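The values are calculated or read from the model by the stated rules, or taken from the named source; none is laboratory data. These numbers come from a predicted model, not from an experiment. A quick note on method: Cβ atoms are made from the backbone with ideal geometry, for glycine too, and the neighbour counts reach across all protein chains shown. SASA here: full protein model, heavy atoms, side chains in, ligands and nucleic acids out. Shrake-Rupley method; radii C 1.70, N 1.55, O 1.52, S 1.80 Å.
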Amino acid sequence: MYLGLDVGGTHTDAVLIDNNKIVASFKAPTDHKNLLTSINRALAEVTKSVDRSAIKRINLSTTLSTNAIVENKTEKVGVIISGGPGIDPESFRLGDFFYVIPGSIDHRGTLIKDLESAGVKAALEECAGKNVRVYSLVTKFSTRNPGEEEYLAEKVGDQADFVSLGHRLSGQLNFPRRVGTAYFNSAVWRLYNQFCDAINESLKELGIDTQVNVLKADGGTMPLSLSRELPVETILSGPAASIMGIISLCDITDDSIILDIGGTTTDIAIFASGAPLVERQGISFASVPTLVRSLLARSIGIGGDSRISVQSGKVTVGPMREGPSMAEGGPVITLVDALNYNGTISYGNTAASKKGVDEAAKKAGMKADVLVKASIEFAVGFITDQVNAMLAEINDKPVYTIHEMLENRAIVPEKVYLMGGPAQGFARYLHASFNKEVIIPREYAVANAIGAALAKPTFQVELFADTSKGQLIIPNLNIREKVAGDYTVEQAEDEARSYLVDYCKRMGIQSSVKDIEIIESSSFKMVQGYFSTGRDIRVKCQIKPGVEGGIA
Amino acid sequence: MIKAKNRMGLIFFPAYDWAIDPSHPEREERLLYTQDQLWEEGIFDIEGIHEFKPDIATEEDVMRTHFCFPDVRTVTTESHMISAGGAIKAARIVMDGEVDKAFALVRPPGHHAMKSVHGNRGFCNINNEAIMVEYIREKYGTKKIAIVDTDCHHGDGTQDVYWHDPNILYISIHQDGRTLYPGSGHVPELGGPCARGKTINIPLPPATSDEGFLYAIDNIVLPILADFKPELIINSAGQDNHYTDPITNMNFSAQGYAILNEKLNPDIAVLEGGYSIQGALPYVNLGIVLAMAGVDYSMVREPDYNYEALRQDRNISGYIEKVADAVLDAYRNPPKDKNAVKYGDYNVRKKQIYYDTDGIRESQIESVMACKKCPGVLHIESSSSANPLSFGIEIPFGACRSCRDEGLRVFRDAKDSRKYRTIHFINRFDKEYIRV
């Protein structure tokens, strides 16, 4: 049995799946003051009538880290960075303990100038004086040469309970994002680890002794134990849970549009040949771009509870939400009320919806059915426009080789998959607007928890080899090795793969070889003057996002 | 988060699968480290800077600009069409108001490609800027455009394309032709008889530093631009004036390039040469992108930058001041072209052109109508070691009716004569581009 638990902004959902069937499910409002209470209750309820020892795995998607950052409940972090030439690193200032140390590493990973030790010392003394206990240490091009970050870690020493080193979080190039990622990772570390302790305690009390994973924004999971070092990976996993849910519920093979219509927002995702697309660099969070891998999803301010407004005869919907619909006792009319009014759905107190719409129409000096029609048209039109803009952006994604330029296949969705509370109400309107088949999976109400339950692990490594320097590095696995002058891209691909497999074994990440794929691979001959000096080899390898089984 | 003052579009196309040959300076690796630097700096996370995919230039885009012998396909590869397409995309997003400025970081380069094309010279086959300018003129009707070429090599191709065009001001700043390929670009080269002073050459001595370049910008380029009042400024942004460039002898720096760009304030920049791919390009390109976007670039420095070692010699400064006086004088009072020979209503010149990359020799007789109302119908009789006698006729952008009629007559006569293997006919009046 697989247990999936999604602690969302509004609801906490749990499902128990056995042999591709939902054995139990549970849904309750999330208690934001105490997430653990919500989780404990969901765990207890969903497992109350089963043999708890038969639970093979628990996958958990939680907003804990997300909320901590949004609500500013994070710990103070000593951010010590070094940029060298380029954009002024002051622009990336985060928190009250932010220090820029002179020094530089170039794009080849060559150390140009040592870190200024006096500056490091002064920064650490100031932090010690203010009792700063967690640190984020990042240098530019540390994914090419992590030496300076390691030097900083050594200097911090016992002064820290925890340090985040930039190169261990991602192999990608992007210094500002690396700074942001490392900052968040340290900022939520203590809170997250306390949460992990509490979860383990709760499971013990419930008599559940099994593997526990957490969901990441890229739709994959990682073991809870590993996430203790990488808590930043657990931010914004909510949309990913829903997307993985729809993969579990439907056999998607084509280019498709995925819409998850909630109360306040609609999440849009695009699938290419049945596979979800991933953000190019990472997710942006609290207006700080990060290197946290994420499924490509866009959230727009239209949902079932979006307020309908009329201003000088013009009807608009959202982005404001002022409580639930009138059908649920809310103060203003919303899309749900409009759909109730014309009979598309029958939700809650339909009479209240009718009364509210009639009053609003009268006040605006228009006919009620005109108001209803205009508001639905506005919402559907807005969603359609946003989807098309997102598609245009995806199809216009830059490429860097002539081959890709000429072979590029545009994504042309054939179907729309729809889920979320008000999904039924929108189906026929979206069908008309997109002129595509609209599919609503049966169990869409708990799709997110199903997605969490069935999501498989993901992981990514980037290998960078420079045969003229005779070096190979895989930053996030902390691997540095010597390579021979005749090292090839094929060897690099094999090595990236085998390091990934080894790492998974060690960390208890269960994955099969067939899920491992090389996603980028290049080899450039380097020439100095008129002589070849070696090769610059780059390989990206990942365990791709996916689900185990599905719901029959 | 950083916010750019100018909305800026970057068209980055490094053509990672194309090279002239494996160890040629114009090879796959050329923009790899630039990409690394731009990515590591998080350039695309700056609010207002966006990356765009290049267009692919069409055969018509090339035929609107060049006489390609025997045809477009033979003298280009896909990479040339994408590079030119990158320049076109830069123009489109600026002209459509999607961005304030655009930089086409594309390869291969183009500024050595002349009006008539038989092959590759100076690493260039077709002229990206000229194809872009002709696209702009045809689609948006822009009349006055200035191209400022800051590549270290004289842009003899662009100069050739616009030699007779009084509406396109071409200014090239480069290392003195007596010391570097292609050998041209001297002060007295001022444009054809009807476009005198609309070609401006500023040859700088070897070892010119930031100081000398910026002096030339402040004291020559900006005053001339202020006088010409172009609707659009284009920078042919070669990066081989850099002190680390392996095939030139100048002492320009990344800071210098960024300051130059800020002063010049171009609407569109298109990458040209620059072959110090590790020591210069990552920093120069970063400096240019930030300067165009209006983001602080004061900390962009090469790791090995040494002000003292690059300081400009006083003799060089003195020499550059003299060059400036000579150029300004030539712009304001251009002397008559002594080499111009008149046959009837036509100004005629003979040209020998060498295509160094492909080893082709071309001989041309170029004739242009001395028209008072328009740039004048132009034709080129050309033969080369690659192609037998061929012919190109252009009814130029903004042509008067009589030049249009003359062009049609010349085309008809050329066809009837059966002398030519290939005839290219560029008819900007009726937007017709024909090859027979």
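Using only Cα positions of the range A:251-440, each an equal point scatterer, no hydration layer, compute I(q)/I(0) via Debye at q = 0.08 Å⁻¹ and quote the log10 values to two decimals. Per q value, in the given order, log10 I(q)/I(0) is -0.31. On the principal axes of its alpha-carbon atoms, chain A has extents of 77, 58, 49 Å, going from largest to smallest. Segment residue A:205..residue A:118, full-extension length gain: 26.2 nm, with 0.36 nm per residue of separation and the alpha-carbon distance subtracted. Calculation over all alpha carbon pairs of chain B in 10 angstrom steps from 0 returns a P(r) of 5, 23, 33, 26, 11, 2, 0 percent.
Residues whose amide H falls under 5 Å from that of residue A:285, counting only those 5 or more places apart or on a different chain, are A:290, with hydrogens built in the peptide plane.
Taking the range A:459-543 as the region of interest, the number of lysine pairs whose Cα atoms are within less than 18 Å, with members eight or more places apart or on different chains, is 4. Assuming a viscosity of 0.692 mPa s and a temperature of 37 °C, what translational diffusion coefficient in µm² per second does Stokes-Einstein assign to the protein assembly as shown, Rh being the Kirkwood radius over Cα pairs? Answer from the Stokes-Einstein relation: 104 µm²/s.
Remark: spin-label model distance residue B:78-residue A:488 equals 2.5 nm, labels positioned 7 Å along the Cα→Cβ axis. For the peptides B:79-85, B:64-70, A:442-448, the ranking by packing is B:79-85, B:64-70, A:442-448, with the highest mean count of neighbouring Cβ atoms within 10 Å listed first.
Counts of other chain beta carbons within 10 angstrom of each beta carbon in peptide A:86-97 average 4. Unpaired Cys in the protein assembly as shown, meaning no second Cys C-beta under 4.7 Å: A:127, A:196, A:250, A:504, A:541, B:68, B:124, B:152, B:194, B:371, B:403. Here residue B:419 is the anchor, and the lysines within straight C-alpha reach of less than 24 Å, apart from those fewer than 8 places off in the same chain, are B:115, B:342, B:350, B:351.
May I ask you to order A:83-96, A:534-547 by the average number of other C-beta atoms within 10 Å around their residues, highest value first?
Most protected by this proxy first, the peptides run A:534-547, A:83-96.
Between residue A:194 and residue A:253, the distance separating the two model label sites (each 7 Å from Cα on the Cα→Cβ line) works out to 5.1 nm.
Judged by the mean number of other Cβ atoms found within 10 Å, the most tightly packed of the peptides B:423-429, A:27-33 leads the ranking B:423-429, A:27-33.
In order along the range B:121-137, the phi-based Karplus estimate (6.51 cos²θ - 1.76 cosθ + 1.60, θ = phi - 60°) of 3J(HN,Hα) comes to 10, x, 6, 10, 10, 10, 8, 4, 5, 5, 4, 5, 4, 5, 4, 4, 5 Hz; Gly and Pro are listed as x. For residue A:325, neighbours were defined as the other residues whose beta-carbon sits under 11 Å from its Cβ, and their charges (Lys and Arg +1, Asp and Glu -1) total -2. Summed over the residues of chain B and divided among them, the accessible surface reaches 34 Å² per residue at a probe radius of 1.4 Å. With the simple model of a label 7 Å out from the Cα in the direction of the Cβ, residue A:517 to residue B:265 spans 5.0 nm.
Against the longest principal axis of chain B, how steep is helix B:401-417, in degrees 0 to 90 to the nearest 10, with axes from Cα atoms? Rounded to the nearest ten degrees, it is 70. Neighbouring Cβ atoms from other chains, within 10 Å of the Cβ of residues in B:5-16, number 2 on average. Per residue of peptide B:38-50, the mean number of Cβ atoms on other chains within 10 Å of the residue Cβ is 6. Express in % the proportion of alpha carbon pairs of the range B:341-435 at distances exceeding 20 Å. The proportion of pairs with Cα distances above 20 Å equals 38 percent. On the principal axes of its alpha-carbon atoms, the range A:297-405 has extents of 61, 28, 23 Å, going from largest to smallest.
From the helices alone, meaning DSSP H stretches of at least four residues, give me the mean residue ellipticity at 222 nm for the protein assembly as shown, per-run term -39500 (n - 2.57), in deg cm²/dmol to the nearest 500. Don't skip to the end; give the middle numbers.
Working: 28 runs with 323 residues, N = 988.
One gets -10000 deg cm²/dmol as the mean residue ellipticity at 222 nm.
As a size descriptor, the averaged projected area of the C-alpha convex hull of the range A:198-279 was calculated at 7.1 nm².
Using the Karplus relation 6.51 cos²θ - 1.76 cosθ + 1.60 with θ = phi - 60°, the per-residue 3J(HN,Hα) values for the range B:3-11 come to 10, 7, 5, 10, 6, 10, x, 10, 9 Hz, with x marking Gly and Pro.
Altogether, the Stokes-Einstein calculation at 20 °C and 1.002 mPa s, with the Kirkwood radius of the range A:459-543 over Cα pairs as Rh, returns a diffusion coefficient of 162 µm²/s. Converting phi to 3J(HN,Hα) with the Karplus coefficients 6.51, -1.76 and 1.60 and the offset θ = phi - 60°, the range A:211-222 yields 5, 10, 10, 10, 8, 10, 5, 8, x, x, 10, 9 Hz in sequence order, with x at every glycine or proline.
With q set to 0.13, 0.17, 0.18, 0.26 Å⁻¹, the log10 of I(q)/I(0) for the range B:140-225, from the Debye formula over equal scatterers at the Cα positions, is -0.39, -0.65, -0.72, -1.33. Put simply, the amide H of residue B:360, placed in the peptide plane, has neighbours under 5 Å in B:355, leaving out anything fewer than 5 places away on its chain. Which FRET efficiency value, to the nearest 0.05, is calculated for residue B:178 and residue B:349 with the Förster distance at 25 angstrom and r the Cβ-Cβ distance? E between residue B:178 and residue B:349, to the nearest 0.05, is 0.70.
Out of all Cα-Cα pairs in the range B:193-298, roughly what percent, to the nearest whole number, are more than 25 Å apart?
Working: 1048 of 5565 pairs.
The calculated P(r) of the range B:193-298 puts 19 percent of pairs beyond 25 Å.
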